[in-house]
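S.K.: First the structure, which I've put down as structure tokens, then a few questions once you've had a look.
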Ligand code: MTE
């Protein structure tokens, strides 16, 4: 997002919310006994600038992580998986500043009444942004708690009026060698691809993020728009989406193409189903150190079972991993 083309939905820099106020807001909420699922409407606290990035107007805030402590802005933006920018956790933060996100055309194809090429503003209603605090559980058994900013995925998909033939929705990330040094390596089959069953995509917890900590996403976190599917392993949360396709058949997803025995289509967080090479029973809640692994038990559906378990009623979760 270029600062010189300041958009009307951004607040001036001198009105941004420093991270420590997010933390104190949590403490305040705890103090009043406001816990999981509590919504807080209204403008952000106003204070002096903490970051060079502009701040979004946010219409609604919901904490889906209870009392769990938020990860810091630095942690969330410096320890990433974004293989298009390299395979090391530090690579995306080092290299993703080359990503050009404005303009950002998105192509919509397949079983829908409205298809074609759309702008980011066609997809995202920047006047109705929400903040949602979600846990992110990576398949590599680490996790973070992140205050995302975005809109429900269902609202975006409905704009295209998917037909009754649309049983799944597939997403693709940009694959531009000029901007993404990681594409020179064949470590994954580019472009990065992901997909959801239509009822999963329409579930109210499925979210399209455009920011975190009140600010537009940085390249390393999937600017300008990435999925957040909090009950699934992090690899389902595909970054920098340029294509949406409504399909009748279950689409292939990148990690499943690479290693079908290790990564399935569903990828629901499940402590009872181990990865062939490691257990999924617990996770390291970042930050960790040599002396403190900060290990906590992993929960079925990443703790969102009450909301999403009905999507999988009667399904064998061991077979559909
Ligand atoms: N999207 C793309 N395009 N490329 C990737 O390598 N990695 C996935 C997911 N989305 C990835 C991606 C994985 S494995 C995880 S755990 C999350 O992004 C990490 O998101 P974060 O770096 O914002 O925490």
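Every residue, every condition in (1) touching a helix residue (DSSP H, G or I) at 6+ places or on another chain (Cβ under 8 Å); (2) in contact (Cβ under 8 Å) with a residue 60 or more places away in the chain; (3) more than 19 Å from residue 143 (Cα to Cα), yes or no:
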residue	(1), (2), (3)
180	yes, yes, yes
183	yes, yes, yes
190	yes, yes, yes
225	yes, yes, yes
234	no, yes, no
271	yes, no, no
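S.K.: Here's something else I'd like to know. Name every residue in region 166-177 that is under 21 Å from residue 105 (Cβ atoms), in a loop (DSSP other than H, G, I, E, B) and touching a residue at least 24 places away in the same chain (Cβ under 8 Å), in order of residue number.
M.R.: 174, 175
S.K.: Right, next: May I ask you to list the residues in region 98-142 that are in a strand (DSSP E or B) and more than 30 Å from residue 274 (Cβ to Cβ)?
M.R.: Residues satisfying the conditions are 106, 107, 108, 109, 110, 112, 116, 117, 118, 130, 131.
S.K.: Moving to a separate point now. Just wondering, is there one or more residues in region 173-196 that are more than 16 Å from the ligand (Cβ to nearest atom), over 19 Å from residue 122 (Cβ atoms) and either at pLDDT below 95 or surrounded by fewer than 23 Cβ atoms within 10 Å (Cβ to Cβ) (or both)?
M.R.: For region 173-196, residues more than 16 Å from the ligand (Cβ to nearest atom), over 19 Å from residue 122 (Cβ atoms) and either at pLDDT below 95 or surrounded by fewer than 23 Cβ atoms within 10 Å (Cβ to Cβ) (or both): present.
S.K.: Inside region 67-92, can you point out the residues that are within 9 Å of the ligand (Cβ to nearest atom), in a loop (DSSP other than H, G, I, E, B) and over 18 Å from residue 287 (Cα atoms)?
M.R.: Within region 67-92, 82, 87 qualify.
S.K.: Conditions: (1) surrounded by fewer than 21 Cβ atoms within 10 Å (Cβ to Cβ); (2) touching a residue at least 40 places away in the same chain (Cβ under 8 Å); (3) assigned to a helix (DSSP H, G or I); (4) away from the ligand (no atom under 13 Å from the Cβ). Residue 95 meets all but one. Number of the miss?
M.R.: Going through (1) surrounded by fewer than 21 Cβ atoms within 10 Å (Cβ to Cβ); (2) touching a residue at least 40 places away in the same chain (Cβ under 8 Å); (3) assigned to a helix (DSSP H, G or I); (4) away from the ligand (no atom under 13 Å from the Cβ) one by one, residue 95 breaks only (4).
S.K.: Filter region 202-222 for residues that are more than 10 Å from the ligand (Cβ to nearest atom) and in a loop (DSSP other than H, G, I, E, B); which is nearest to the chain's Cα centre (by Cα)?
M.R.: Per the stated criteria, the residue is 206.
S.K.: So, in region 228-241, how many residues would count as being more than 10 Å from the ligand (Cβ to nearest atom) and within 14 Å of residue 193 (Cβ to Cβ)?
M.R.: So the answer is 0.
S.K.: Also: Would you list the strands (runs of 3 or more DSSP E) that sit entirely within region 233-321 and hold 2 or more residues that are surrounded by fewer than 16 Cβ atoms within 10 Å (Cβ to Cβ) and in contact with a strand residue (DSSP E or B) (Cβ under 8 Å, 6 or more places away or on another chain)?
M.R.: 295-297
S.K.: Given 128, 112, which one is surrounded by fewer than 19 Cβ atoms within 10 Å (Cβ to Cβ) and either out of contact with any helix residue (DSSP H, G or I) (no Cβ under 7 Å at 6 or more places or on another chain) or in contact (Cβ under 8 Å) with a residue 12 or more places away in the chain (or both)?
M.R.: Being surrounded by fewer than 19 Cβ atoms within 10 Å (Cβ to Cβ) and either out of contact with any helix residue (DSSP H, G or I) (no Cβ under 7 Å at 6 or more places or on another chain) or in contact (Cβ under 8 Å) with a residue 12 or more places away in the chain (or both) holds for just one of 128, 112, which is 128.
S.K.: Can I ask one more? Confirm whether residue 159 is surrounded by fewer than 22 Cβ atoms within 10 Å (Cβ to Cβ), out of contact with any helix residue (DSSP H, G or I) (no Cβ under 6 Å at 6 or more places or on another chain) and more than 24 Å from residue 76 (Cα to Cα).
M.R.: Answer is yes for this residue.
The values are calculated or read from the model by the stated rules, or taken from the named source; none is laboratory data. Fair warning: this is a prediction, and the values are worked out from it, not measured in the lab. No Cβ is skipped: glycine too gets one built from the backbone with ideal geometry, and neighbour counts run over all protein chains shown.
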